[in-house]
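Novice: A single structure is presented below for examination.
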């Protein structure tokens, strides 16, 4: 798939593959330098492998070049690699803050080195007093606040989950996805579409989360992650006792037959539509196409679930 | 009125349909 008219000949998939190869080379180099044992090396590589080929975030900044013309390709690649290193950092950080899992010392070093390299790359294109760093700090604070809020309130305990908090957490956990936009704006000198596109990203992450909570409800239940969907399912249940299998069956009944899945998919559709409109307003067609694709997929899923529930069974 | 076994089988079918979304979820996953 070509990126856009502003960058003819670019392939999103090739750029993603290039980025992933650089990430893996970085980790391999660390494994050699730090004389990491084979079992530990396997653990380290899992963060890189968790980004499957084709994952949108491997070529993320390239989705927005329509709105930021004139940025040299090498600079976009630096932003892309920095963002992918950040994501591996974030995965390692997730493991480190998970109270149920003790992180091995090597994982803590790896986590810090991911962040160090991600920042080093950004300092090759932004001077220390660049306005870019103000945006970076604001997004980092938003991310940290959301992770801590989710940790405190929605891990392994059932708590009240206001919709506003759900939206803030969904936006905040992925807030660092906004720094590539700030980077492209600074590099191109085109700041006029940043607000539209950062809001589009926020709306996308909320829409994605509503959809993902439906897709992942069984996995969330198994890992005691009390999503908004699961919290609502529990709220509607009188009897919360029973074996894990019985509980799963009752939750499944609530998710599908109490309209919770349907409501989540409707909300997802609404947020994705808003994200799409903002993207079109910013004339960012590559990103808009991604949004439309997910929106259509969520609509097909909602139709299929409805069909399965209402069709006659022999 | 649907019997419990019919509902259970439909829930299995609904779960299977959700599984089909997982590929896309991985492609779009940030976390």
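The values are calculated or read from the model by the stated rules, or taken from the named source; none is laboratory data. Since this is a predicted model, take the numbers as computed values, not measurements. Note: ideal-geometry Cβ built from the backbone for every residue, glycine included; neighbour counts use all protein chains shown.
Novice: Tell me, please, whether a residue that is exposed (fewer than 14 other Cβ atoms within 10 Å of the Cβ) and touching a helix residue (DSSP H, G or I) at 6+ places or on another chain (Cβ under 8 Å) can be found in the range A:173-186.
Specialist: Going residue by residue through the range A:173-186, those that are exposed (fewer than 14 other Cβ atoms within 10 Å of the Cβ) are none.
Scanning the range A:173-186 turns up no residue that is exposed (fewer than 14 other Cβ atoms within 10 Å of the Cβ) and touching a helix residue (DSSP H, G or I) at 6+ places or on another chain (Cβ under 8 Å).
Novice: Suppose the filter is surrounded by 13 or more Cβ atoms within 10 Å (Cβ to Cβ) and either within 14 Å of another protein chain (Cβ to nearest Cβ) or under 28 Å from residue A:220 (Cα atoms) (or both); does residue A:138 pass it?
Specialist: In short, no.
Novice: In addition: Among the residues of the range B:1-28, write down those that are more than 7 Å from chain A (Cβ to nearest Cβ), more than 17 Å from residue A:251 (Cα to Cα) and either touching a residue at least 60 places away in the same chain (Cβ under 8 Å) or over 8 Å from the mean Cα position of the chain (by Cα) (or both).
Specialist: B:1, B:2, B:3, B:23 - these are the residues of the range B:1-28 that are more than 7 Å from chain A (Cβ to nearest Cβ), more than 17 Å from residue A:251 (Cα to Cα) and either touching a residue at least 60 places away in the same chain (Cβ under 8 Å) or over 8 Å from the mean Cα position of the chain (by Cα) (or both).
Novice: Are any residues in the range A:187-202 buried (at least 24 other Cβ atoms within 10 Å of the Cβ) and more than 14 Å from chain B (Cβ to nearest Cβ), and if so, which ones?
Specialist: Selection gives A:197, A:200.
Novice: Do we have residue A:304 as within 11 Å of chain B (Cβ to nearest Cβ), free of Cβ contacts under 8 Å to residues at least 60 places away in the same chain and outside any helix (DSSP H, G or I) here?
Specialist: no
Novice: Would you check which residues across the range A:192-212 are touching a residue at least 12 places away in the same chain (Cβ under 8 Å) and under 13 Å from the mean Cα position of the chain (by Cα) and list them?
Specialist: Kept after step one, since they are touching a residue at least 12 places away in the same chain (Cβ under 8 Å), are these residues of the range A:192-212: A:193-194, A:196-211.
Correct list: A:201, A:202, A:203, A:204, A:205, A:206, A:207, A:208, A:209, A:210, A:211.
Novice: Now for a separate question. Counting only residues that are buried (at least 18 other Cβ atoms within 10 Å of the Cβ), modelled with pLDDT under 85 and away from chain B (no Cβ under 14 Å), how many does the range A:44-90 have?
Specialist: Qualifying residue count, the range A:44-90: 2.
Novice: Additional query: Kindly establish whether residue A:261 is within 11 Å of chain B (Cβ to nearest Cβ), at pLDDT 85 or above and within 19 Å of residue A:205 (Cα to Cα).
Specialist: Yes.
Novice: Could I ask something else about it? Scan (1) closer than 17 Å to residue A:263 by Cα; (2) within 14 Å of another protein chain (Cβ to nearest Cβ) for the single condition residue A:234 breaks and write down its number.
Specialist: It fails just one condition, (2).
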